[in-house]
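Below you'll find the structure, written out as structure tokens, and then a few comments.
The values are calculated or read from the model by the stated rules, or taken from the named source; none is laboratory data. In this text, all values refer to a predicted model and were calculated from it rather than measured experimentally. Every residue, glycine among them, receives a Cβ derived from its backbone with ideal geometry; neighbour counts consider all protein chains shown. Quick note on the areas: whole protein, heavy atoms, side chains included, nothing else; ligands and nucleic acids left out. Shrake-Rupley method; radii C 1.70, N 1.55, O 1.52, S 1.80 Å.
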Amino acid sequence: MRRKGAIANAETFFIASSASCDLGSGVDISHRGGSPGFLEIENDGTITVPDFNGNGYFNTLGNLLFQPRAGLLFPCFETGEALRLAGIVEILWEGAEVASRSGAERLWKFKPCRAWRLRR
């Protein structure tokens, strides 16, 4: 599982976020998905994630506003492998870049700090 390919072709991923500075407590895990190619990878490795209308609870966004550290998991259901990333999120609430993504209400910019490939 290649890092860039796993992200570029992803139809689904999971994000772990927390509203606590104590990373051992209060973690929320949410699912995000779209058609393959819905995520954009910039030259520096930053992943742009469109944020679409969801359940209206804003748990993930609220957590990221308080604590921008997050973890992403990209599973491959065919092979059992997964790509796990740890990094920092910045939320873009408005602007030309947000407006250019059809259906997105805002964007996240995820800057990976660490990556692990998990096998089976």
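Structure summary
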quantity	calculated
Whole-percent carbon and sulfur share, accessible surface of the chain, 1.4 Å	51
Surface accessible to a 1.4 Å probe, per residue, for the residues of the chain, Å²	59
Of A70, A104, A86, the one that fluctuates the most in a GNM where the chain has Cα springs shorter than 10 Å	A104
Of P75, P50, P36, the one that fluctuates the most in a GNM where the chain has Cα springs shorter than 10 Å	P36
Gyration tensor verdict on segment 79-120 (Cα atoms; rounded if a/c is under 1.5, prolate if a/b is larger than b/c, oblate otherwise)	oblate
5 angstrom amide H check on R106, placed H, neighbours 5+ away	D51
Residue-averaged [θ]222 nm for the chain, counting only DSSP H segments that reach four residues, each worth -39500 (n - 2.57)	-3500 deg cm²/dmol
Cα shape, the chain, gyration tensor, a/c 1.5 rule	oblate
Positive minus negative residues near V98 (Lys, Arg vs Asp, Glu; Cβ under 14 Å)	-3
